[in-house]
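K.L.:
Let me give you the structure first, and then I'll get to my questions.
The values are calculated or read from the model by the stated rules, or taken from the named source; none is laboratory data. All values derive from a computational prediction rather than experimental measurement. Backbone-built Cβ (ideal geometry, glycine too); neighbour counts: all protein chains shown. Remember, those area values only see protein heavy atoms, side chains included, never the ligands or the DNA or RNA. Shrake-Rupley method; radii C 1.70, N 1.55, O 1.52, S 1.80 Å.
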Amino acid sequence: MKSDRISDLPWDVLNSILLHLPLRDAARTSLLSRKWRYKWASLSQFVIDDKCFTNSLPDKARWGEVRRIFHQVQSNHCGPIEKFKLAAYCYPDHSDLDEWIIFLTLKGIKELILQDFSFVRRFKLPSCLFSCPQLICLELHGCIVKLPSTFRGFSCLKSLQLTQVSIISETLEHLISSCPVLERLTLLNIDHLSILRIHNQNLKYLKIDSQFEDLSLESSPLLASVHICMIPMNTTMPVYHPRQLEGGKPSNLIRVLGCLNGVKKLTLSSYFIEFLANGNLPERFPMPLLNLSFLDLKEMRFTSLKDIAALFAILRSAPNLEELVISAGHSNEVISRTVVDFLREQCLYDFFFSQLKVVRFRGLCSTIPEWEFLRLILAHSPVLESLIIVKYGIERVPQSFLLHLERASENLKITSLTL
Amino acid sequence: MKSTPKKIILRSSDKEIFEVVEAVAMESQTIKNLIEDVSSDDVIPLDNVTARILAKVLEYCKKHVDAAAANENKNTTDDELNAWDADFVKVDQNTLVDLIMAANFLNIKSLLDLTCKTVADMIRGKTPEEIRQTFNIKNDYTPEEEEEVRRENQWAFE
């Protein structure tokens with residue numbers, strides 16, 4: 001005869017089972033029997049997202065239901081809460097959210113993800129969150145971050161992601177440098193940053209897609225992956241140009257990126273390249289980027305001599321580069337002869353991309369500088385295996401043209417696609 | 001001269017003896033900790049696991065150890081292992097619960113995850129009455145209590 005073996009399973013096992021379910025299904029177990037009424041409210045993780053609610057419930061009514069969830073959990077929960085994620089389109093009541101976060105900090109929260117989409121009034125985080133000792137992962141979207149004067153850092157924090165938060169530069173700097181085991185830092189669309197200072201010895205992964213006036217990175221020996229997109233400060237201008245440095249000043253390229261000795265993956269956007277290219281550009285970095293194996297340049301402007309010169313300063317400093325990805329940026333600027341001359345000149349140099357195996361080129365506009373660049377790559381890459389060119393528009397790159405380019409590699413496969 | 005892999009001797013609750021290579025036994029954190037404390041020639045008693053279940057657990061561990069080794073030579077894919085796992089848990093409910101308890105006691109994370117996920121799949125998307133029937137859970141709510149529970153968790157039942 002079949003017996004009920006599920007209801008009496010040890011709690012950590014039941015917790016593991018119910019955590020594989022969306023919160024909605026877990027909460028429905030409350031109806032199974034008296035024993036089951038509050039099991040769901042004692043789980044170690046809660047994810048409140050759009051899947052919790054039916055389509056018939058209007059967004060504005062959702063918070064009332066979220067309040068119910070908070071109430072059930074606060075009344076019946078035993079043990080720790082390790083993870084909480086709020087990612088539902090709703091209109092949070094800030095005092096409810098405040099009370100809930102205080103509750104979570106008392107429950108030893110390790111992973112907190114808060115996405116407040118309403119934006120009418122930004123949610124100011126309660127200061128008790130900043131004395132949360134066990135926090136390992138923090139992801140905030142659309143909040144106001146102010147550190148209390150008692151802030152001593154997050155001693156366990158490994159991952160920090162801030163999206164569209166209100167935070168001042170000094171606070172951000174202090175926050176980042178006060179997390180001794182921080183490995184991953186992601187900053188997206190932060191409001192009004194002047195100087196972005198990222199000083200943390202332990203950092204392994206850095207992604208920035210934000211507005212800032214200046215950037216200061218520290219030599220972090222473990223920093224392996226860096227992704228920086230700089231958003232123009234003043235979008236009322238048709239074309240943004242970063243503030244030009246006084247003549248004679250050393251370039252931003254070395255000042256900002258020169259410390260990235262250990263970096264393996266580097267992704268840069270066009271405005272950021274323009275910012276880096278400011279000042280006197282050297283031929284190469286004082287210390288070569290020996291570990292750089294992957295370079296991705298977004299919206300590369302082949303019309304700008306400075307940007308191209310900056311690109312070559314990086315390429316000359318990266319002898320172990322294996323993969324190069326470029327998406328070409330469109331520009332209405334007239335192509336100057338100097339860009340083309342510069343590229344042709346590079347061909348005469350006796351250097352090789354001795355480890356380069358893959359090149360992907362997107363958004364080819366078929367301008368002369370782009371062709372000169374490809375010609376250069378092909379002639380100087382003895383182990384190149386794959387070149388993929390993606391062109392937007394109707395006509396493909398004529399195969400004949402590609403096949404006639406001199407190539408240093410014997411095993412090269414060229415793929416040409418059009419979108 | 002090739003050295004023979006070290007063997008570990010396990011004894012189930014019903015006194016059956018199982019001999020396995022060390023790598024397979026070490027999939028269990030519990031056994032791993034015991035091996036480090038106990039002399040290698042001793043029999044390790046597992047009083048919470050019957051022979052029938054222990055045999056299955058060891059089959060799982062061996063498969064995963066072999067797959068990891070083959071993966072280094074890229075001889076198997078994740079898909080094959082996932083398919084094998086899916087077949088492995090096609091057992092009656094009693095055996096499934098026994099496997100969960102064994103995986104919990106022996107501290108074999110991947111097996112615990114697999115078996116818990118299987119039970120979760122048996123709950124997902126079902127009505128409370130369907131779930132009760134699947135697991136033979138007796139409904140001891142009065143109709144008034146049921147109504148109360150539905151109301152307090154309205155959002156989940158709409």
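K.L.:
Among bridges DSSP assigns within the protein assembly as shown, what percent are antiparallel (round to 5)? Mind showing how you got there, number by number?
P.N.:
On the way: 5 of 82 bridges.
Once the DSSP bridges in the protein assembly as shown are tallied, antiparallel ones form about 5 percent.
K.L.:
Also, quick follow-up: By the scheme Lys and Arg +1, Asp and Glu -1, what is the net charge of all other residues having a beta-carbon under 13 Å from that of A:G108?
P.N.:
+1
K.L.:
Using a Gaussian network model of chain B whose springs link C-alpha atoms within less than 10 Å, name the residue from B:R52, B:R11, B:R124 with the highest mean-square fluctuation.
P.N.:
Comparing B:R52, B:R11, B:R124 in the GNM, the peak value goes to B:R124.
K.L.:
Let's see if you can work this out: charge +1 on each Lys and Arg Cβ, -1 on each Asp and Glu Cβ, no other charges. What is the dipole magnitude of segment A:264-320 about its Cα centre, in debye to the nearest 20?
P.N.:
I would put it at about 140 debye.
K.L.:
Continuing with the same structure: Restricting things to alpha carbons, tell me how big segment B:76-142 is in terms of Rg and Dmax, in Å.
P.N.:
Here Rg and the maximum Cα pair distance are 14.2, 54 Å.
K.L.:
So, by mean Cβ neighbours within 10 angstrom, what's the order for A:61-69, A:314-322 with the highest one leading?
P.N.:
Numbers: A:61-69: 17.6, A:314-322: 19.7.
Per-residue mean Cβ counts within 10 Å order the peptides as A:314-322, A:61-69.
K.L.:
Same structure again: Kindly state, to the nearest 0.05, the FRET efficiency for A:S56 paired with A:K2, given R0 = 30 Å and r defined as their beta-carbon distance. Before the final figure, lay out the partial values.
P.N.:
Details: r = 37 Å, r/R0 = 1.24.
Given R0 = 30 Å and the Cβ-Cβ separation, E is 0.20.
K.L.:
For a quick protection proxy, order the peptides A:189-197, A:299-307 by their average other-Cβ count within 10 Å, most packed first. Could you put the intermediate results ahead of the total?
P.N.:
Values: A:189-197: 16.7, A:299-307: 21.4.
Result, highest mean first: A:299-307, A:189-197.
K.L.:
Then there is this: For chain B, what is the calculated [θ] at 222 nm in deg cm²/dmol (nearest 500), taking -39500 (n - 2.57) for each run of four or more DSSP H residues and dividing by its residue count?
P.N.:
Values: 9 runs with 97 residues, N = 158.
Taken over chain B, the calculation gives -18500 deg cm²/dmol.
K.L.:
Related question: Considering only DSSP beta bridges where both residues belong to chain B, give the percentage that are antiparallel (nearest 5).
P.N.:
60 percent
K.L.:
For segment A:91-155, what Kirkwood radius comes out of the mean inverse Cα-Cα distance, in Å?
P.N.:
Numbers: mean 1/r = 0.0817 Å⁻¹.
Hydrodynamic radius (Kirkwood, Cα pairs) of segment A:91-155 is 12.2 Å.
K.L.:
Mind pulling the angle between the C-alpha long axis of helix B:51-72 and the longest principal axis of chain B? Nearest 10 degrees, somewhere in 0 to 90.
P.N.:
Roughly 70 degrees between the two axes.
K.L.:
Students often forget the sequence filter, so: which lysines lie under 23 Å Cα-Cα from A:K85 once same-chain residues fewer than 8 apart are removed?
P.N.:
List returned: A:K39, A:K51, A:K60, A:K107, A:K110, A:K124, A:K146, A:K158, A:K207, B:K117.
K.L.:
In terms of Cα to Cα distance under 29 Å, which lysines are near enough to A:K413, apart from those fewer than 8 places away along the same chain?
P.N.:
A:K264, A:K265, A:K298, A:K357, A:K391, B:K74
K.L.:
Using a Debye calculation, one point per C-alpha and no hydration shell, please list log10 I(q)/I(0) for chain B at q = 0.08 Å⁻¹ in order.
P.N.:
Debye intensities relative to I(0), on a log10 scale: -0.35.
K.L.:
When the accessible area of the protein assembly as shown is split by element with a 1.4 Å probe, what percent falls to carbon and sulfur?
P.N.:
Solvent-exposed carbon and sulfur of the protein assembly as shown make up 51 percent of the total.
K.L.:
Would you mind computing, in nm to one decimal, how far apart the modelled labels at B:E129 and A:Q201 are, each placed 7 Å from Cα along Cα→Cβ?
P.N.:
6.6 nm
K.L.:
To the nearest 500 deg cm²/dmol, what mean residue ellipticity at 222 nm is calculated for chain A from DSSP H runs of n ≥ 4 alone, each contributing -39,500 (n - 2.57), summed and divided by the residues?
P.N.:
On the way: 11 runs with 109 residues, N = 419.
Roughly -7500 deg cm²/dmol at 222 nm, from the helical runs in chain A.
K.L.:
How large is the charge dipole for chain B, taken about the Cα centre, if only the Cβ atoms of Lys, Arg (+1) and Asp, Glu (-1) carry charge, to the nearest 20 debye?
P.N.:
660 debye
K.L.:
Given the options A:A313, A:A26, A:A277, which has the most mean-square fluctuation in a GNM of chain A, springs set between C-alpha atoms less than 10 angstrom apart?
P.N.:
A:A26
K.L.:
Let me ask something else about it. Grab the beta carbon distance between A:D341 and A:D191, set R0 = 60 Å, and tell me the FRET efficiency rounded to 0.05.
P.N.:
Efficiency at R0 = 60 Å is approximately 0.90.
K.L.:
Computed on protein heavy atoms with a 1.4 Å probe, what is the summed buried accessible area for the chain pair A and B, in Å² to the nearest 100?
P.N.:
Counting protein atoms only, the buried area is about 3800 Å².
K.L.:
Identify which of A:S149, A:S30, A:S75 has the largest mean-square fluctuation in a Gaussian network model of chain A, with springs joining Cα atoms closer than 10 Å.
P.N.:
In this elastic network of chain A, the residue with the biggest mean-square fluctuation among A:S149, A:S30, A:S75 is A:S149.
K.L.:
So if I average 1/r over every pair of distinct C-alpha atoms in chain A and take the inverse, what Kirkwood radius in Å does that give?
P.N.:
When all Cα pairs of chain A are included, the Kirkwood radius is 24.8 Å.
K.L.:
Any idea what angle helix B:109-123 forms with the longest principal axis of chain B, computed on alpha-carbon atoms, 0 to 90 degrees, nearest 10?
P.N.:
Helix B:109-123 sits at roughly 20 degrees to that axis.
K.L.:
Could you pull out every one of the aspartates and glutamates with an alpha carbon less than 17 Å from that of B:K6, ignoring same-chain neighbours closer than 8 positions?
P.N.:
Leaving aside aspartates and glutamates fewer than 8 places away in the same chain, those within reach of B:K6 are B:E19, B:E22, B:E27, B:E36, B:D37, B:D41, B:D42, B:D66.
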